[in-house]
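The values are calculated or read from the model by the stated rules, or taken from the named source; none is laboratory data. Treat the numbers as computed from the prediction; the structure is a model and nothing was measured. Note that we place each Cβ from the backbone using ideal geometry, even for glycine, and neighbour counts take in every protein chain shown. Note: accessible area is taken over every heavy atom of the protein model, side chains too, but ligands, DNA and RNA are not part of it. Shrake-Rupley method; radii C 1.70, N 1.55, O 1.52, S 1.80 Å.
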Amino acid sequence: MLADPVAQRRLLDVAALDMKAVHLRHRASNLPEDEELRGLQAERVALTERITEADTRRGDVQMELDRIDRDLETVKVRQKRDQGRADSGEVVDQRALQSLLAEIEHLTGRINDLEETELEAMQAVEDATAARDEFVARRTGIEERMRELLASRKSARAEIAEQAERLAAERRAVRERLPAELLALYDRIAGRSGSSGAAELRARRCGGCGLEIDPTELHAIAAAAPDAIVRCEECGRILVRTDESGL
């Protein structure tokens, strides 16, 4: 294929714009907000699990506290009833009175034990509640940060989209001045490379893959007509010759 040298040099403008578009796509796919959001989401999930565990723990100790309170109330009622009988003088039989007094003493000891256990259970409820509240506070902080990152990511994506639109418009304007056959070749090569279809031959190196051109191939390129299309044997890109090519 033959193409005017001026048109070939314009391919470098298309290639430069295509590389900018590649960089924009890479930036859009690798925003710093995305990485931080992934980390925060993992923390959020872990904290949610810990909150669930803390809720379960708090529920268990609260049930235990409620049971102790019921037992304590029952024992207190029995002690009050027995103490009333002892104080009223209605029990006159000495053996029966001694038995009643022993029962009152036992109930008093039972009340003391239950009250001590009640305090421990109340502390357990308080500790479980404090742990849950701490996890909830940490999760809330993470969610606030995630909302900030989502807003920042949205803004970054909008900025990238705007830049991409400007690049696309500039690219269309440049391509309009190029022959269709040359553009078709460029596009086929760009499709295979995933970036651009042309590169400058500079200082005997391909500007696309960065490899130095073999001396034999370099001699053939130097001998080729100015309008001849020459390509890199390594990456297949169209090599655009300039005054910096080193031929």
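The region of the chain that goes longest without hitting one of the GluC sites (Glu not before Pro) in a DSSP loop, each with at most 13 other Cβ atoms within 10 Å, is 1-89. For the chain, modelled as a GNM whose springs connect Cα atoms under 10 angstrom apart, the maximal fluctuation among R237, R139, R95 occurs at R95. Legend: P(r) of the chain from all alpha carbon pair distances, 5 Å bins from 0, whole percents, reading 1, 5, 9, 9, 7, 6, 5, 5, 5, 4, 4, 4, 4, 4, 3, 3, 3, 3, 3, 3, 3, 2, 2, 2, 1, 1, 0. Assuming charge only on the beta carbon of Lys and Arg (+1) and of Asp and Glu (-1), the dipole of the chain about its Cα centre is about 1780 debye to the nearest 20.
Taking the charge dipole of the stretch 1-57 about its Cα centre, with +1 at Lys and Arg Cβ atoms and -1 at Asp and Glu Cβ atoms, the residue from H23, T48, L11 reaching farthest to the positive side is L11. Of the residues M1, M146, M63, M19, ranked by 1.4 Å probe accessible area with the largest first, the sequence reads M63, M1, M19, M146. In the chain, the DSSP-assigned H stretches of four residues or longer account for a calculated mean residue ellipticity at 222 nm of -28000 deg cm²/dmol, using -39500 (n - 2.57) per stretch and the full residue count as denominator. Overall, the ratio between the Cα radius of gyration of the stretch 20-165 and 2.2 N^0.38 Å, rounded to two decimals, is 2.14. Each residue, Q41 and T129, gets one label point 7 Å from its Cα in the Cβ direction; the gap between the two is 3.5 nm.
Counting Lys and Arg as +1 and Asp and Glu as -1 over every other residue whose Cβ lies under 12 Å from the Cβ of L17, the net charge comes to +3.
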